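The values are calculated or read from the model by the stated rules, or taken from the named source; none is laboratory data. Values in this document were obtained by computation on a predicted structure and should not be read as measured data. Cβ placement follows ideal geometry from the backbone for every residue including glycine, while neighbour counts extend to all protein chains displayed. When the accessible area is computed, the model is the full protein with side chains, heavy atoms only, and any ligands, DNA or RNA have been set aside. Shrake-Rupley method; radii C 1.70, N 1.55, O 1.52, S 1.80 Å.
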Amino acid sequence: MENVVRDRGGSATSSGKLLTLLSLFVMEFSGVREEDEALKALTSVLKRAVDVKGISLLDQDMKKVTGEDFDVQRYEDLMKWCKENSVSTFVQDGDHFVGIVPVMKRENLFGFILVVLPNQPSLEETETFRIFSFLAAIVLENIKLYKSLEETYNYVSNIMNALPEAIFVYGKDGVSFRNRRFIEANFPDQVMRKAFQLSEEVLELGKARVGEVEFEREYYSIVSQPLVYGERVFALTAVANVTATKELEKLRQIDRMKTEFIANISHELRTPLAAIKAYAETLLNNLEELDAETLREFVRIILQQSDHLEKILEELLDFSSLERKSLKVVKEEVDLCSMIEEAVDAMKEYGASRGVELYFEPGTDEARVMGDPRRLKQVLLNLLSNAIKYSKEDESEKFARVTLERNGNGYLIAVEDNGIGIPESMKDKIFEKFFRVDSSLTYKVPGTGLGLTIAKEIVEMHGGKIWVESEEGKGSKFFVWIPEGHDGG
Ligand code: ADP
């Protein structure tokens, strides 16, 4: 090997020829997606550009990708040197010239061009090699970047597809990604509307939004959070059917309330029983010494406590019938005005003992419905007893007001108090079995958490409705609507 010609640039290739070559390059390289395809395209361009006897393209490990077979080992050291110095080399080898052109961009080596030329290459020819190897390196680098981008995308999508959550990515131009779970889940329209609404809000506010949708007894949770990508903001939204979790949560809660109920009911039964026992014992041991008035007071307390016990037992029996679905209503014509008057009278004394005044303000004097008088009165007694029990200690004018008015094809009874009130979030829950509002105020008063459950059942068995309006700390207003029911409704 002699006459080493090192090419380090040189005069410019004539622009017309260069343009032709560049067009050739573009044509050859369009549609190239793989590295070996790019190297083959490069061979084809060079063959047309320069008079070569043979050409071979090697990868960065000096293995042949395309072209003629060369004794690569012979040029190995030279190739290493070219690579280290980032230059092309043309050497005379017998009666021909061998060129070694590394295909590289900055420090990145993509391969080598090994070329056999009949004559020493002109400066223009060495320049052509240099330009096209550099352009090929750019293409190769892009292919690599494209591949790694594609790989990253596939990698991320695989992760997203493996997730148990259904996910989509939402941006200004709509949905840009859905994972497999999401496509398969086929959520109802109501759920999708909410999911898009929350995603829009995330784009607008730039912070996470969560929501829940109940549809046909199924619960869906939606969590949408901002996903910042460069200058752009997307919403990454996860939708999940959480019905099973919800039901489990509910069962757990009922279980917890049942445990509390058992502890509570034992206490509820023991208190009146202990009073009855204590008064009865005192009576027995001191019968001769006690005057008539004290005797009457003791017996009155025993009777009152027995009534209380009876009431708890009745509530328990009703609840057990309700659970077995054997609670019965026997309907006859009921005069609601008299029924309410009776209930208010029955509770007056209890009210007075707590400083709560009871009123009945009928808005009509004719109110007849088909219903079970005993059961309807039971509902009213329960509402009145609650209005008294949950009154505020520090309130000077405590009241429980009952009103009655004609409403649609039935009557609306309202029981209003100015007691402790019910937190907004608990307004529906108080009708569930065992439920008692979790507050120190509630726990001061005795109760089983069953009264309203039974009341609701009774009202619904009459084809009616029961609900509450309340403001915590201000008071509550319970409504009971009962249809006339003369047509059997
Ligand atoms: P309880 O035996 O506990 O009174 P209920 O089923 O009658 O059971 O009532 C359920 C819960 O609803 C009560 O524990 C109480 O927390 C709440 N509640 C009911 N009525 C009222 C009211 N008038 N004012 C405030 N809270 C009430």
Scan the range 120-131 and give yes if some residue there is within 60 Å of the chain's Cα centre (by Cα) and either surrounded by 15 or more Cβ atoms within 10 Å (Cβ to Cβ) or at pLDDT below 85 (or both), otherwise no. yes
Residue under question is Glu332, and the condition is that it be of a type outside the set (A, V, I, L, M, F, W, C) and closer than 25 Å to Lys477 by Cα; does it hold? no
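Results for (1) of a type in the set (Val, Ile, Thr); (2) more than 16 Å from Ile466 (Cα to Cα), shown as yes or no for each residue.
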position: Met339; (1), (2): no, yes
position: Ala367; (1), (2): no, yes
position: Leu381; (1), (2): no, no
position: Thr403; (1), (2): yes, no
position: Asn407; (1), (2): no, no
position: Glu416; (1), (2): no, no
Restricting to the range 356-382, name every residue that is hydrophobic (A, V, I, L, M, F, W, C), within 12 Å of the ligand (Cβ to nearest atom) and over 14 Å from Glu341 (Cα atoms). Val356
Qualifying residue in the range 441-460 (condition: away from the ligand (no atom under 12 Å from the Cβ), out of contact with any His (no Cβ under 9 Å at 6 or more places or on another chain) and touching a residue at least 40 places away in the same chain (Cβ under 8 Å)): yes
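Residue-wise test of (1) surrounded by 13 or more Cβ atoms within 10 Å (Cβ to Cβ); (2) assigned to a helix (DSSP H, G or I); (3) under 36 Å from the mean Cα position of the chain (by Cα).
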{"residue": "Pro226", "(1), (2), (3)": "yes, no, yes"}
{"residue": "Ala235", "(1), (2), (3)": "yes, no, yes"}
{"residue": "Arg256", "(1), (2), (3)": "no, yes, yes"}
{"residue": "Leu283", "(1), (2), (3)": "yes, yes, no"}
Would you mind stating whether Glu416 is in contact (Cβ under 8 Å) with a residue 60 or more places away in the chain, within 13 Å of the ligand (Cβ to nearest atom) and closer than 30 Å to Leu251 by Cα? no
Of the conditions (1) in a helix (DSSP H, G or I); (2) more than 25 Å from Asp438 (Cβ to Cβ); (3) within 16 Å of the ligand (Cβ to nearest atom), the single one that Ala352 does not satisfy is (3)
So for the range 422-434 (the condition being open to solvent by 30 Å² or more (accessible area, probe 1.4 Å), within 12 Å of the ligand (Cβ to nearest atom) and in contact with a helix residue (DSSP H, G or I) (Cβ under 7 Å, 6 or more places away or on another chain)), does at least one residue qualify? yes
Would you be able to say whether some residue in the range 161-178 is touching a residue at least 24 places away in the same chain (Cβ under 8 Å), farther than 30 Å from Val101 by Cβ and among the charged types (D, E, K, R)? yes
May I ask you to list the residues in the range 42-67 that are free of Cβ contacts under 8 Å to residues at least 24 places away in the same chain and not in a strand (DSSP E or B)? Ser44, Lys47, Asp61, Lys63
If we ask which residues in the range 287-323 are of a type in the set (Val, Ile, Thr) and in contact with a helix residue (DSSP H, G or I) (Cβ under 7 Å, 6 or more places away or on another chain), their number turns out to be 3
Restricting attention to the range 477-487, and to residues there that are open to solvent by 10 Å² or more (accessible area, probe 1.4 Å) and assigned to a strand (DSSP E or B), which single residue is farthest from the ligand (Cβ to nearest atom)? Pro483
Take Ala137 and decide whether it is within 22 Å of Tyr229 (Cα to Cα), in contact with a Phe, Trp or Tyr (Cβ under 7 Å, 6 or more places away or on another chain), open to solvent by less than 20 Å² (accessible area, probe 1.4 Å) and small (Gly, Ala, Ser). no
Can you find even one residue in the range 189-209 that is assigned to a strand (DSSP E or B) and closer than 19 Å to Glu165 by Cβ? yes
Failed condition for Ser470, given (1) surrounded by 17 or more Cβ atoms within 10 Å (Cβ to Cβ); (2) over 36 Å from the mean Cα position of the chain (by Cα); (3) near the ligand (Cβ under 8 Å from one of its atoms); (4) of a type outside the set (Asp, Glu): (2)
Let me spell it out: the conditions are (1) open to solvent by less than 80 Å² (accessible area, probe 1.4 Å); (2) in contact with a Phe, Trp or Tyr (Cβ under 8 Å, 6 or more places away or on another chain); (3) at pLDDT below 95; (4) under 24 Å from Ala162 (Cα atoms), and Tyr219 meets all of them except one. Which number is the exception? (2)
Those residues of the range 288-347 that are under 25 Å from Val415 (Cα atoms), outside any helix (DSSP H, G or I) and open to solvent by less than 50 Å² (accessible area, probe 1.4 Å) come to a total of 4
